[in-house]
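Here, each number is a calculation from the coordinates, and none is a lab measurement. Here the structure is a predicted model, which means the values were calculated and not measured. In this analysis, Cβ positions are derived from the backbone assuming ideal geometry, glycine residues included, and neighbour counts consider all displayed protein chains.
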Amino acid sequence: MPNTSAHQIFKERGMQTIATEQPTGALIPFDFNGVVFRQMFEYAVVEFKTEVGFFSEVFGFNAIAMGPDYALFTTPTSDFHFSIRRADEQHAAGNLQGIKLLFMTADFASAEARIRESGLVDDAAVGKGSPSQRVVSLASPAGLPIEIWEDPFPQREA
């Protein structure tokens, strides 16, 4: 049963934050010095090997932790992290609607070309993300929506 008192407080704090764009609580004192990742997300899938193969083959992400039921991916420069686990009694594979993995790149053409060159992604579609950005949309084998956005203001060296 949800804590209705906490629910009401969160709703009020949400309304206050929306109105003021300021947090209502104190910052949790995270210490990121030397940690493996600062933030990541994780999801569970039934077809674990297929999902791991998708991110390995199409995106070329590095695995920094890998086992028969768990994979933790990042980029060579550790810009972000995410993990996939095999669904089981503790980690149910849920509906991935409403969750989306988004990336932004200063080299949109190369990112789009890499996806197309894999020959394995049939659902990739390029569209307008905004008046100044293109976006390529696709999905992982488990149905996780993925978008790669064009940086509207790429910082290129002359």
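Below are the figures for this structure:
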{"quantity": "Ranked Leu144, Leu120, criterion: other C-beta atoms within 10 Å, fewest first", "calculated": "Leu120, Leu144"}
{"quantity": "Cβ crowding within 10 Å averaged over residues, with 85-91, 40-46, 134-140 ranked highest first", "calculated": "134-140, 40-46, 85-91"}
{"quantity": "Efficiency of FRET between Val126 and Ser56 - r from beta-carbon atoms, R0 25 angstrom, step 0.05", "calculated": "0.60"}
{"quantity": "Unit charges on C-beta of K, R, D, E only; dipole of the stretch 84-137, Debye", "calculated": "180"}
{"quantity": "DSSP bridge pairs, the chain: antiparallel proportion in percent, nearest 5", "calculated": "65"}
{"quantity": "Global geometry of the chain, whether rounded, prolate or oblate, following the gyration tensor of its Cα atoms and the 1.5 cut on a/c", "calculated": "oblate"}
{"quantity": "Long-range amide H partners of Phe80 with built H, under 5 Å", "calculated": "Thr75"}
{"quantity": "Inter-probe distance in nm under a simple model that places probes 7 Å from Cα toward Cβ, at Ser110 and Asp69", "calculated": "3.9"}
{"quantity": "Within the stretch 1-43, trypsin sites (Lys or Arg not before Pro) in DSSP loop having at most 12 other beta-carbon neighbours inside 10 Å", "calculated": "Arg38"}
{"quantity": "Residues with amide H under 5 Å from that of Tyr70, placed H, sequence gap 5 or more", "calculated": "Arg86"}
{"quantity": "Reachable aspartates and glutamates, given that their alpha-carbon falls under 15 Å from the alpha-carbon of Lys11 and they are not under 8 places away in the same chain", "calculated": "Glu21"}
{"quantity": "Segment Arg38-Ile9, extension gain: residue separation times 0.36 nm, minus the distance between their alpha carbons", "calculated": "7.6 nm"}
